[in-house]
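Derivation of every value follows stated rules applied to the coordinates shown; laboratory data play no part. Keep in mind the model is a prediction, meaning the values are calculated, not measured. Glycine also receives a Cβ, built like all others from the backbone with ideal geometry; neighbour counts cover every protein chain displayed.
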Amino acid sequence: MYDKSRGMSGPSPEGRETMNELLRPVALLFACLAVIQPARAADDVKIGAIYPLTGNSAGAGQSAKDAVELGAEIVNSPHPGLEKLPLGAGAGLPGLGGGKIVLDNADHQGNPQVGQQQTLRLITEDHVVAMLGCYHSSVALVATAAAERQGIPFVIADSVALNITGRGFKWVFRTGPIAPDFAKAYAEFLTDLRKGGKKIDSIAVVNENTDYGTSVAASILAAAKTAGIAVAAQIPYDANGADVSAQVLQLKGLKPDAVIFVSYTADTILYFKTMKNLDYLPPLIIGDDAGFSDPSFIPNAGPLAQGAVNRSAFDIGAPGSNSYAINQLFNAKHHRDLDDTSARWMQGFFVLADAINRAGSTAPDKIQAALRATDLGPDRLMIGYRGVKFDETGQNTLSATYLIQLQGDHYVSVWPEDRATAKLQWPMTGWRQ
């Protein structure tokens, strides 16, 4: 109504009451809809991962991919019994509203140029928030450089060349051990054998000549010198060659007490077949992981390599341990156990997932900061490291390794003594068992 003394006014009290009565059911309806409407699902978190899925290291690459994919399943869905493992018992990333991890996998073929291209594609086209890789150190060197330029965190799960984390990069983190760690372990192992009465007068080092082989070989030579162990020869060779007869004949003439091989899969198998053909077997062969840990090694060369020693940071462990529970899941899915390589990949993935969750964000700088703040104790891991804590170069200062020996159709831990589950067989029997 209109009152000349007050101008235009709103409804009378009676009118307002009537309007409220009419609007009350509408308000109630909106309130009900707000209750029953489902909340918006948390966004997925996309991580890029590059492996050698074709080429001579395809077996190792596929095994690594299997391990990382199981890792994503563990993070994305509840797994009772893995409460000690970060993100093991829940579903998704609680720091991001329960968001799930999506893996964006790519094949680098063992080719550094392809690895660089795939890294750039995953970052610039697929918009991954972080990267995981690489197996080959030569690929890791260029892939991490590409990620560094883009400002994207890159976690190295297993590549060991020292200079990967020695270039002053700020976006690169490596969870596993590096070449000097292995070299020190080999020297200590050989020294213990010598103290125990075994003849270790000289060793030989055989290495493929890419960044991986040359880096590890140089570290072994330095560690041997420090330990007072004579090196009869260092024998570099072209990776993926078709004939290693000359190298085996050189070893046969030198007669070293132990030979350390730094070789990828195809080369490792070729060496054992050639040694049998030329009837050469040293008292001890030590493999620097790589080809010796590839799932195809034991089926193809196991009968020729009985007693060969390999390095590893993974052991299935006792029932109730994180490693035992996860290996059961992996074995049920793939009908084989985790090996050192695949386990290191899974552990690298878990460290990255934990950092993203703690960051509470997919912003690269927040993930980078969370990685730098990582401080995981050994009870929160599924591999035999002393923990995970990165130094200023991005290297895990708490990584570790120990030695295993091929006895029958599987490896058993033989050194150091407090990690041993079997006695070292000396000398190795090879194909003569």
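Close amide H partners of LYS46, meaning residues 5 or more places away or on another chain with modelled amide H under 5 Å apart, are VAL102, VAL129.
Take the alpha carbon gyration tensor of segment 294-338, find the square roots of its eigenvalues, order them as a ≥ b ≥ c, and report rounded if a/c is under 1.5; if not, report prolate when a/b exceeds b/c, else oblate. The shape class here is oblate.
Using a simple spin-label model with pseudo-atoms 7 Å out from Cα toward Cβ, ASP243 and THR397 lie 5.1 nm apart. Cross-linked pairs LYS184/LYS252; LYS195/LYS276; LYS252/LYS273: Cα-Cα separations exceed 19 Å for LYS184/LYS252; LYS195/LYS276.
Compared with the dominant Cα axis of the chain, that is its longest principal axis, helix 137-150 is turned about 30°.
Between LYS225 and ASP192, full extension at 0.36 nm per residue minus the direct alpha carbon distance yields a gain of 10.3 nm.
Dipole check for segment 114-270: with +1 at the C-beta of Lys and Arg, -1 at the C-beta of Asp and Glu, and the Cα centre as origin, the magnitude is about 500 Debye.
Applying the Karplus relation 6.51 cos²θ - 1.76 cosθ + 1.60 with θ = phi - 60° to segment 299-306 yields 3J(HN,Hα) values of x, 8, 10, x, x, 8, 10, 4 Hz, where x marks Gly and Pro. Phi angles across segment 83-97 convert, under the Karplus curve 6.51 cos²θ - 1.76 cosθ + 1.60 with θ = phi - 60°, into 3J(HN,Hα) values of 4, 6, 7, x, 6, x, 9, x, 10, x, 9, x, x, 10, x Hz, Gly and Pro given as x. Spin-label model, ASP375 to ARG336: label points 7 Å out along the Cα-to-beta-carbon direction sit 3.9 nm apart.
Straight-line reach from LYS198: taking Cα to Cα under 16 Å and skipping same-chain neighbours fewer than 8 places apart, the lysines in range are LYS255, LYS423.
Taking the fewest neighbouring Cβ atoms within 10 Å as the starting point, the ordered list for LEU249, LEU281, LEU93 is LEU249, LEU281, LEU93. Amide hydrogen proximity for SER57: with H placed 1.01 Å from N in the peptide plane, no residue at 5 or more positions away or on another chain lies under 5 Å. Helix 245-254: angle to the longest alpha-carbon principal axis of the chain, degrees 0 to 90, nearest 10? Orientation of helix 245-254: about 60 degrees from the principal axis. Take the Cα of GLN250, go 7 Å toward its beta carbon, and the backbone nitrogen atoms of segment 204-227 under 12 Å from that spot belong to 204-209. Residues SER321, SER413, SER57, ranked from the fewest to the most other C-beta atoms within 10 Å, line up as SER321, SER413, SER57.
The mean sequence distance of close C-alpha pairs (under 8 Å, at least 6 residues apart), as a share of the length of segment 99-180, puts its relative contact order at 25 percent.
Each residue of segment 390-406 is assigned a 3J(HN,Hα), and the resulting list reads 8, 8, 5, 8, x, 8, 5, 7, 10, 6, 7, 8, 8, 10, 10, 10, 6 Hz, derived from the Karplus form 6.51 cos²θ - 1.76 cosθ + 1.60 (θ = phi - 60°), x at Gly and Pro. For VAL231, the residues 5 or more places off, or on other chains, whose built amide H falls under 5 Å of its own are ILE203. In plain terms, the residue of PHE292, PHE261 with the fewest other Cβ atoms within 10 Å comes first and the most crowded comes last, giving PHE261, PHE292.
For the pair ARG386 and GLU417, label points projected 7 Å from Cα toward Cβ lie 2.0 nm apart.
A Förster radius of 25 Å, combined with the Cβ-Cβ distance separating HIS410 from ASN277, puts the computed FRET efficiency at roughly 0.45.
Contact order, relative form, for the chain: 16 percent (alpha carbon pairs under 8 Å, 6 or more residues apart, mean separation divided by residue count).
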